[in-house]
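Colleague: Shown below is the structure under consideration.
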């Protein structure tokens with residue numbers, strides 16, 4: 001099922017889940033104990049929880065834009081078992097521009113299954129880290145076949161960057177040094193792995209995968225304050241249960257408030 005929004009400026013925005021996979025729940029919630037996070041995300045017998053890959057499609061006048069590309073289909077049998085990818089259907093489509101929040105396989109793996117007619121936009125810092133990847137913490141996250149598929153259409157950018165008057169690419173480091181998020185018409189905020197699920201609006205929910213936890217804590221707080229003040233809809237890329245919400249604050253704690261799409 002897809003969710004469709006139309007902003008006040010007339011921009012059409014569609015959330016599409018390109019397939020679910022499984023990740024270790026403890027890694028996703030870091031210092032939060034399982035007795036708490038399992039109430040939000042039930043785990044299987046191997047402690048894995050369901051992760052969505054909610055990508056964004058945007059129509060602005062005559063151009064189409066997509067944010068992130070999902071898992072894609074480039075996995076061997078061992079990887080499919082580890083990640084719980086059994087019947088994943090790759091998102092095979094086309095777009096004028098593809099914006100990648102970062103270059104981990106679950107965000108850009110679908111590049112091999114789609115047609116990008118013009119440009120693939122990646123932050124300069126992210127591209128540098130991906131192609132010079134000697135970090136043992138990230139070695140399994142960046143894949144050569146994904147980077148090779150991106151190269152023909154690659155445009156490295158330095159955020160903040162406006163790809164269109166309606167679409168802002170913002171620097172949101174912490175998960176990786178060059179991670180970006182996308183803001184549409186100052187109404188819809190695609191957080192990427194800055195806030196991967198609705199549960200991660202709780203500030204102490206920092207993933208073990210976040211390379212710079214103190215920085216992501218600061219950036220996440222700043223973006224949530226803006227989302228609260230301007231009443232943004234926040235898109236959670238990995239949340240299969242609550243793919244989007246508005247933000248409330250009770251005391252010093254942020255909470256995700258259920259919102260409605262214009263059309264399912």
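Colleague: Looking at the range 144-153, which of the residues that are surrounded by fewer than 19 Cβ atoms within 10 Å (Cβ to Cβ) and farther than 17 Å from residue 64 by Cβ is farthest from the chain's Cα centre (by Cα)?
Modeller: Among those that are surrounded by fewer than 19 Cβ atoms within 10 Å (Cβ to Cβ) and farther than 17 Å from residue 64 by Cβ, it is 152.
Colleague: Identify the single condition in (1) in contact with a helix residue (DSSP H, G or I) (Cβ under 8 Å, 6 or more places away or on another chain); (2) without any contact (Cβ under 8 Å) to a residue 40 or more places away in the chain; (3) part of a helix (DSSP H, G or I); (4) farther than 23 Å from residue 63 by Cα that residue 142 does not satisfy, given that it satisfies every other one.
Modeller: All conditions pass for residue 142, except number (3).
Colleague: So, one more: Among the residues of the range 57-68, is there at least one that is in contact with a strand residue (DSSP E or B) (Cβ under 8 Å, 6 or more places away or on another chain), closer than 20 Å to residue 207 by Cα and modelled with pLDDT of 95 or more?
Modeller: yes
Colleague: Still on this structure: Is it the case that some residue within the range 73-85 is assigned to a strand (DSSP E or B), over 17 Å from residue 167 (Cβ atoms) and either without any contact (Cβ under 8 Å) to a residue 40 or more places away in the chain or under 19 Å from the mean Cα position of the chain (by Cα) (or both)?
Modeller: no
Colleague: So which residues in the range 34-58 are over 17 Å from the mean Cα position of the chain (by Cα) and either crowded, with 18+ Cβ neighbours inside 10 Å or under 16 Å from residue 115 (Cα atoms) (or both), if there are any at all?
Modeller: If the condition is that a residue be over 17 Å from the mean Cα position of the chain (by Cα) and either crowded, with 18+ Cβ neighbours inside 10 Å or under 16 Å from residue 115 (Cα atoms) (or both), then 37, 40, 41, 48 are the ones that fit.
Colleague: As an exercise: evaluate residue 169 against (1) modelled with pLDDT of 95 or more; (2) more than 16 Å from the chain's Cα centre (by Cα); (3) over 20 Å from residue 27 (Cβ atoms) and give the number of the one condition it does not meet.
Modeller: (2)
Colleague: Only one residue in 109, 84 is touching a strand residue (DSSP E or B) at 6+ places or on another chain (Cβ under 9 Å), closer than 30 Å to residue 46 by Cα, surrounded by fewer than 20 Cβ atoms within 10 Å (Cβ to Cβ) and at pLDDT 90 or above, so which one is that?
Modeller: Exactly one of 109, 84 is touching a strand residue (DSSP E or B) at 6+ places or on another chain (Cβ under 9 Å), closer than 30 Å to residue 46 by Cα, surrounded by fewer than 20 Cβ atoms within 10 Å (Cβ to Cβ) and at pLDDT 90 or above, namely 84.
Colleague: Consider residue 50 carefully, then state whether it is modelled with pLDDT of 95 or more and either within 21 Å of residue 79 (Cβ to Cβ) or part of a helix (DSSP H, G or I) (or both).
Modeller: Taking the combined requirement at face value, the residue satisfies it.
One line per residue, one yes/no per condition, for (1) within 18 Å of residue 97 (Cα to Cα); (2) touching a residue at least 12 places away in the same chain (Cβ under 8 Å); (3) in contact with a helix residue (DSSP H, G or I) (Cβ under 8 Å, 6 or more places away or on another chain):
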{"position": "190", "(1), (2), (3)": "yes, yes, no"}
{"position": "198", "(1), (2), (3)": "no, yes, no"}
{"position": "220", "(1), (2), (3)": "no, yes, yes"}
{"position": "245", "(1), (2), (3)": "no, yes, yes"}
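Colleague: Considering every residue within the range 98-110, establish whether at least one is without any contact (Cβ under 8 Å) to a residue 60 or more places away in the chain, outside any loop (DSSP other than H, G, I, E, B) and more than 27 Å from residue 27 (Cα to Cα).
Modeller: yes
The values are calculated or read from the model by the stated rules, or taken from the named source; none is laboratory data. In this text the structure is predicted, and so the values were computed from the model without any measurement. Here Cβ is always computed from backbone atoms with ideal geometry, including for glycine, and neighbour counts include all displayed protein chains.
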